[in-house]
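Scroll down for the structure; my scribbles are underneath it.
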Amino acid sequence: MRCGIVALLCLLGLPGCVRRTISISTEPPGALVWLNDREVGRTPVEVDFLYYGQYDVRIEKDGCEPLMTSGTAEAPFWDWAGIDLISELMPFELHSRVAWDYTLEPAVVDEAALVDRARQLRDSMPPPPPDGVPTQGLTSQSAPATGGTGAGDRP
C-alpha cells in the first residue's frame, strides 16, 4: 500500500507539459510571416502559442502578392477544458502541432490591371461630404484671436 502511495506521489511530482506550436510553410519558401501583427520569422517557421482559436496571418515575399488571411488552431481532445488538467499532470510531454500551408501568387506588374483595381476600390468608397460641411473631428473655423502674444499676457 505504501509503495502505491509513493509511486503516485512520484508521478505527481514529475509532471510533464503540453507544448503547442504552429508550423507555417509557404510555396515559395522564405516569406516573412506575422501572426496577430507580431513578426514571427521566415517560412518555414514554427512558433509556440498559448491559446487555441483564430489567428490573423499576414505573409509577404518580394515578387509575390502579399497574403492577408486567417488560420484556426483547434485543440486536440486531450487539451479540451477539464481534460487538460489531467494532460498537464502526465509524466510525459504532449505536443499539439498545428500546420498551415500557403501558396503565394506572383506579383501583378500589369499597370492596366493595377489601375483597374484602383478604380474598383475608388468606386466602392462612400462619396465625400459636400463642400462646407465639416467632417467629424475637423473644423473649418480657426480659434478666435486674443490680441496678445501668449496665454499669460496681461494688459
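Read-outs throughout are calculated quantities, based only on the coordinates presented, and are distinct from any laboratory measurement. Small disclaimer: the values here were computed from a predicted structure and weren't measured. Cβ coordinates were reconstructed from backbone atoms using ideal geometry, including for glycine residues, and neighbour counts include every protein chain displayed.
Structure values in brief
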| item | result |
| --- | --- |
| Extended-chain gain in nm, criterion 0.36 nm per residue less alpha-carbon gap, E105 and M68 | 12.1 nm |
| D131/D56 FRET efficiency (R0 35 Å; Cβ-Cβ; nearest 0.05) | 0.35 |
| Under 5 Å, built H, 5+ apart or other chain: amide partners of G41 | V33 |
| Estimated distance in nm for a label pair at D116 and D48, the labels positioned 7 Å out from Cα along Cα-to-Cβ | 4.9 |
